[in-house]
Structures are given as structure tokens and as C-alpha cells.
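Take a look at the structure below.
The values are calculated or read from the model by the stated rules, or taken from the named source; none is laboratory data. Given the structure is predicted, the values throughout are model-derived calculations rather than measurements. All Cβ positions, even for glycine, are placed from backbone atoms using ideal geometry, and neighbour counts span all protein chains on display.
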Amino acid sequence: MVHPALTIPPRWEDVTPEWMTAAISTRHPGATVERVTLLLRDDGTNRRARFELAYASGTGPRRVFVKAESGVPGRREIHYENGNLFNESWLYRALLDGRTELPLEHPRAYAVAIDESALDYVIVFEDLLERSADPRDPTRPLTADQVADGLQGLARLHSRHWNRVGDEPELAWVQPFRPTRGWTAPMTAALPHGITAARDVLSDAVTHLDADGLVDVWTAYIGGLGTGPQTFLHGDPHIGNTYLLPDDTVGFLDWQVVRSGHWSHDVGYFLQSALTEADRRAHEAALLAHYRNALQLPEIRRPTAEEAWLRYRASAAHGLPVWLITLLSDAHPTERSRALVQRFAAAFTDLDTPAAVQTLRRT
């Protein structure tokens, strides 16, 4: 596919009809945009905006959603250091070129522009609201049936790349999860404050472990994601990165933390974030079995029930420290971050995550 020569607009006010005509031209080559109206902007972790389009000729999308790197000083450098800066833009460039596919519900893109030297990118997406999608967040948990649908999608994704992601040239840029300084430095600095802020929803088992203990468990867990079958991971499939279509199909957006690694990371992070604590306790075992059965693999290559449960127990090691840190920032509304801290803390305690991580270290 020939990509339009897009520049990256420094401000949303710099998006012109000519720029948008070029952006949608790969899917709508006969369309000429006459007017661009900025409907909404949300500049935080990234820069995001929704535009309405009017046409001088041809037809195209009524609205689009545009995402670019954060303009907050120092934030793009952090994203670069932790390995998350270009993942989504590289993935969508490969999707637009037809070099790979995502066999689960996800937003479609019209164009991607990347400026690696400036640590910048822009992606022009469909506006999911045009498909009556319902973006979810932690204050509006999913049902067990909806989570089952999301797990089926993740199973299709994981099956496609099972033990072969490292052999796919189109995904050569995908990195494994590693406990790099880009992760551990902010975690070590912020976790004591996060624990203080959330103390009323943390169990004694968590607070007794303290910040250093949580970092140690997280580091061991992340190191263990490189063992066992390796596949392509969304990497960050918490409920805030999901949406529901009218038929209850679950979609996944925000692919910036794409990694290779063990399937259980995606499964645990999604399931534990998406359900209330009561629903998780009631349904997690059955949902884990549902995921295993949905894998498009011969039975001999599927994880055993015992292995799956151990890996799932360990997976809460990631969500708890990540959301304790996020609770301190303006990246998400406080009530959403707090809801996820509570869910991951409950899972961490219920599942005895430190013991599961320790068992995996010995095997």
C-alpha cells in the first residue's frame, strides 16, 4: 500500500482539509475533504482528538479519531525508554500494508505517520462511536459472558502467533517484556506514595510486603514471561482499553504496550480488571478453562489446567503496582484508577500471587 505523505500536526488546529484528504485517501481515494471540525480533544497520556468531516466530492467517514504522542514535556522520552512509544504506530502500519492481521475486534485505521527522530507519530482511526461502540472503564465492569467473549478474541490472537512470533519478519520490532529501568525506576520511586494513598483498600498481605517487596514480585513475574510458550501480546488489555459493540462483542484498543511473552499476562490482566471482585471469584476458574478451550491449537500444545491456574495466579503481580502508580497521576480519573487498584489488590491476595511467582521461579 502506498502511504500518503503525512506530516505530524504539532497542534490539532493545524489539521486542515488537505491533510485529512490525504489521511483517508488509502481507503477513500475519490474523496476530497472540504471542512474539518474539531469536536473533542483529550490531551493527557497521549494527544487525542475527534474530528467531523464534510466533503466537497466523494464519500468518506463522517468522523475520525486521531491519536498522537503526548505533548507533555518529558513524557515521550519516558514512553521511548520503557519501549512503548512506537508500538501502536508500527503495528498499524503493518496492518495497513497487509503484512499482518489482528484476529480480534479492534479499531481500524486510515493512516499512520511516524517520525522516529522526533519521537513522534500520528494515527488516524475510525471513530468507534460511528459503530455504536461503548468504551468501557473500571466503573462499569463487564459481565462474565462479556469477558468470555474478550477471552475468545485473545485466544484467537495468541493462537495465531503461538511459539512463532519471533519468526515473523513483519513483527521483528516486537520486544519481550523485560523489567527495564524504564519500568522499575518510576515504580520504585512512586510505589510508597501509592500504597499510602490506597491503604484503605489494600490487604495486610499487600501492605506488609511494602513497595520494595511489590517491585521484587513484579520483577520476578516479568522475567518469567519469557518462559513457556511465547506469543503476541496486547500487553495492556485492562478494561479501560476495551469497548463493547451492540452485539456484546468485546474489542481491544490502545496497542502501545504490545510485547511478546506468555499468554497468561493478557488473560489475567484483562479478566482481573474487567470483573467485580465477586464476579471474578465466582467465574475466574471457568473463564480460564474457556480460554484454554478457545485456543486454536492441538490439545497437546495447550497449557494444562494446572499450569494455566499457576500462571493466572501470578499475573496479578503486574496490575497491582502499575495501578498503584497510576493512581498518583492524572493519566486516568482517580475513581477509575482506584477501582483497578482495589480489584488487583483483591486478586493479588486471593490468589496468593507472591507464592505463585515464587513457584514459577523454582520451575
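Taking the conditions (1) of a type outside the set (Gly, Ala, Ser); (2) surrounded by fewer than 16 Cβ atoms within 10 Å (Cβ to Cβ); (3) at pLDDT below 95; (4) over 19 Å from the mean Cα position of the chain (by Cα) in turn, Tyr80 satisfies each one other than (4). Exactly one residue among Ala155, Ala190, Ala148 is more than 30 Å from Pro246 (Cα to Cα), at pLDDT 95 or above and small (Gly, Ala, Ser), and that residue is Ala190. Being under 23 Å from Ala331 (Cα atoms), touching a strand residue (DSSP E or B) at 6+ places or on another chain (Cβ under 8 Å) and either touching a residue at least 40 places away in the same chain (Cβ under 8 Å) or assigned to a loop (DSSP other than H, G, I, E, B) (or both): is that true of Phe232 here? Criteria not met by Phe232. Checking Gly268, Gly240 one by one, the residue that is farther than 30 Å from Leu119 by Cβ, at pLDDT 95 or above and of a type in the set (Gly, Ala, Ser) is Gly268 and no other. Is it the case that some residue within region 98-107 is under 27 Å from Gly153 (Cα atoms), buried (at least 16 other Cβ atoms within 10 Å of the Cβ), among the hydrophobic types (A, V, I, L, M, F, W, C) and not assigned by TED's automatic domain parsing to the domain that holds Trp255? Checked region 98-107: at least one residue is under 27 Å from Gly153 (Cα atoms), buried (at least 16 other Cβ atoms within 10 Å of the Cβ), among the hydrophobic types (A, V, I, L, M, F, W, C) and not assigned by TED's automatic domain parsing to the domain that holds Trp255. Screening region 281-363 for helices (runs of 4 or more DSSP H) wholly inside it with 2 or more residues that are under 17 Å from the mean Cα position of the chain (by Cα) and touching a residue at least 12 places away in the same chain (Cβ under 8 Å) returns the ranges 316-326, 334-350.
Can you find even one residue in region 39-53 that is under 15 Å from Glu126 (Cα atoms) and exposed (fewer than 14 other Cβ atoms within 10 Å of the Cβ)? Yes. Taking the condition of being touching a helix residue (DSSP H, G or I) at 6+ places or on another chain (Cβ under 9 Å) and either crowded, with 17+ Cβ neighbours inside 10 Å or farther than 26 Å from Ile8 by Cα (or both), how many residues in region 108-133 meet it? Going through region 108-133 one residue at a time, the tally reaches 12.
Conditions (1) of a type in the set (D, E, K, R); (2) within 26 Å of the chain's Cα centre (by Cα), marked per residue:
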residue	(1), (2)
Pro10	no, yes
Asp14	yes, no
His28	no, no
Ala49	no, yes
Thr59	no, no
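Of everything in region 174-209 that is in a helix (DSSP H, G or I) and of a type in the set (S, T, N, Q), the residue that is nearest to Arg259 (Cα to Cα) is Thr184. Looking only at residues that are without any contact (Cβ under 8 Å) to a residue 60 or more places away in the chain and crowded, with 17+ Cβ neighbours inside 10 Å in region 1-19, which one is farthest from Tyr110 (Cα to Cα)? Out of the qualifying residues, it is Trp12. Scanning region 63-122 for residues that are over 20 Å from Ala133 (Cβ atoms) and aromatic (Phe, Trp, Tyr) returns Tyr80, Phe86, Trp90, Tyr121. In region 262-278, the count of residues that are assigned to a helix (DSSP H, G or I) and surrounded by fewer than 24 Cβ atoms within 10 Å (Cβ to Cβ) is one or more.
Checking each residue in region 254-280 for being free of Cβ contacts under 8 Å to residues at least 60 places away in the same chain and over 17 Å from Gln342 (Cβ atoms) picks out His262, Ser264. Of all the criteria given as (1) touching a residue at least 60 places away in the same chain (Cβ under 8 Å); (2) buried (at least 21 other Cβ atoms within 10 Å of the Cβ); (3) not assigned by TED's automatic domain parsing to the domain that holds Arg292, the one not satisfied by Leu154 is (3).
The residue that is surrounded by the fewest Cβ atoms within 10 Å (Cβ to Cβ), counting only those in region 226-258 that are of a type in the set (A, V, I, L, M, F, W, C) and more than 17 Å from Leu157 (Cα to Cα), is Leu245.
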